[in-house]
Amino acid sequence: MDRLIHTALNSLANLRDTRVIQAQNLANQTVPGFRRDLTNEGDARFLKAMDAASARAFQTERGPHLFSSAPGLLNQTGEPMDVAIAEEGWFFVQPEGGEPALSRRGDLRLTADGRLLNGAGEAMLDPAMQPIELPPVRALIVDETGRILYEPQDGPPGQQVEGPLIATTIPDGVTLRKDPDGRIRAGGEPLPTPDQRARVLQGVLEGSNVNTMEELVSSIELQRTFELNLRMISSAKELDESGARLLRPPE
């Protein structure tokens, strides 16, 4: 009975972690460029007691959670400050007070001091890994390589000035992961260098790759599994009590 109860409790702990991941995905289903978190498969471990191997196997965490690299839906917005990467590739961003990271988020904005940020407040970086800054502009164009062409606010109408590049990369042979701050990096290794191979689209915004229907159906299945484990614990308790009553001496 003891093994049965511990197995069910371990299953409940794993279900709890999965429900947390599902809640995170559903909470970010409308965030541009968000990448859906995947459950950690874990690893089996045997507990030892009194220098003897126990038959109890428990699933333990095995590194950080992975994420889905499937592309999100590309939405035509027509807004010049909306950009997206077609197919493979990543933008380079600099979180406030954090290490550089990779992102697919392309809802850009210019601050009053000319810094180019995305919707999360992360600075967009150029190929030299420096935050992009622009003077006051009347209009801007982003070509497929990520080059910014802008019309200065104090210049004659129609004048176009070549600005910085928005750094992009297609990381070949690099394992990406989500760090504890939720940002995508290269698993403890240096980030890949910008290569500008990704194709940038202007006036397009990529949505998250979270499938809401799939997450809701999975949530229902997890709830049923949770209830099944609770019934298993309750049945084990009843069997244990019945066995204890049979071992009692007659009164």
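Just give me the residues in the range 172-220 being in a loop (DSSP other than H, G, I, E, B) and either buried (at least 17 other Cβ atoms within 10 Å of the Cβ) or in contact with a helix residue (DSSP H, G or I) (Cβ under 6 Å, 6 or more places away or on another chain) (or both), in sequence order.
Residues of the range 172-220 that are in a loop (DSSP other than H, G, I, E, B), as a first pass: 172-176, 179-183, 187-188, 190-198, 203, 207-211.
Within the range 172-220, Leu176, Arg183, Leu191, Pro192, Pro194, Gln196, Ala198, Gly207, Ser208, Asn209, Val210 qualify.
Name the pairs whose Cβ atoms lie under 7 Å apart, with the first residue in the range 164-187 and farther than 29 Å from Leu140 by Cβ, the second of a type in the set (Phe, Trp, Tyr) and open to solvent by less than 30 Å² (accessible area, probe 1.4 Å), and 6 or more positions between them or separate chains?
Listed pairs, sorted by first residue: Lys178/Phe67.
Taking the range 104-119 on its own, how many of its residues are small (Gly, Ala, Ser) and open to solvent by less than 20 Å² (accessible area, probe 1.4 Å)?
The total comes to 2.
Has the range 84-103 got at least one residue that is aromatic (Phe, Trp, Tyr), more than 25 Å from Phe34 (Cβ to Cβ) and crowded, with 16+ Cβ neighbours inside 10 Å? Talk me through it step by step, then tell me what you get.
Kept after step one, since they are aromatic (Phe, Trp, Tyr), are these residues of the range 84-103: 90-92.
Those left that are additionally more than 25 Å from Phe34 (Cβ to Cβ): none.
Among the residues of the range 84-103, not one is aromatic (Phe, Trp, Tyr), more than 25 Å from Phe34 (Cβ to Cβ) and crowded, with 16+ Cβ neighbours inside 10 Å, which makes the answer no.
Does any residue in the range 90-117 that is in contact (Cβ under 8 Å) with a residue 12 or more places away in the chain and closer than 18 Å to Gln196 by Cβ come within less than 8 Å, Cβ to Cβ, of a residue that is assigned to a strand (DSSP E or B) and among the acidic types (Asp, Glu) six or more places away or on a different chain, and which pairs are these?
Sorted first by the residue in the range 90-117, then by its partner, the pairs are Arg104/Glu206; Gly106/Asp82; Gly106/Glu206; Leu108/Asp82; Leu116/Glu133.
If you check Ser69 against the conditions, is it open to solvent by 70 Å² or more (accessible area, probe 1.4 Å), under 18 Å from the mean Cα position of the chain (by Cα) and not aromatic (Phe, Trp, Tyr)?
The answer is yes for Ser69.
Take the range 115-151 and flag every residue that is of a type in the set (Gly, Ala, Ser), within 24 Å of the chain's Cα centre (by Cα) and within 12 Å of Ile166 (Cα to Cα).
Our first condition is that a residue be of a type in the set (Gly, Ala, Ser); within the range 115-151, this holds for 119-121, 123, 128, 139, 146.
Now drop any that are not within 24 Å of the chain's Cα centre (by Cα), which leaves 119-121, 123, 146.
If the condition is that a residue be of a type in the set (Gly, Ala, Ser), within 24 Å of the chain's Cα centre (by Cα) and within 12 Å of Ile166 (Cα to Cα), then Ala123, Gly146 are the ones that fit.
For the structure I just gave you, tell me whether Pro71 is part of a loop (DSSP other than H, G, I, E, B) and modelled with pLDDT of 95 or more. Talk me through it step by step, then tell me what you get.
Values: part of a loop (DSSP other than H, G, I, E, B): yes; modelled with pLDDT of 95 or more: no.
Spelling it out, it is not the case that Pro71 is part of a loop (DSSP other than H, G, I, E, B) and modelled with pLDDT of 95 or more.
Considering each residue of the range 102-140, count those that are in contact with a strand residue (DSSP E or B) (Cβ under 9 Å, 6 or more places away or on another chain), part of a loop (DSSP other than H, G, I, E, B) and not hydrophobic (A, V, I, L, M, F, W, C), and give that number.
Residues meeting the conditions: 14.
From (1) modelled with pLDDT under 90; (2) outside any loop (DSSP other than H, G, I, E, B), pick out the condition that doesn't hold for Gln159.
Unmet for Gln159, out of (1) modelled with pLDDT under 90; (2) outside any loop (DSSP other than H, G, I, E, B): (2).
The values are calculated or read from the model by the stated rules, or taken from the named source; none is laboratory data. For clarity, every value in this text was computed on a predicted model and none was experimentally measured. No Cβ is skipped: glycine too gets one built from the backbone with ideal geometry, and neighbour counts run over all protein chains shown. The area values use the complete protein model at the heavy-atom level, side chains included, leaving out ligands, DNA and RNA. Shrake-Rupley method; radii C 1.70, N 1.55, O 1.52, S 1.80 Å.
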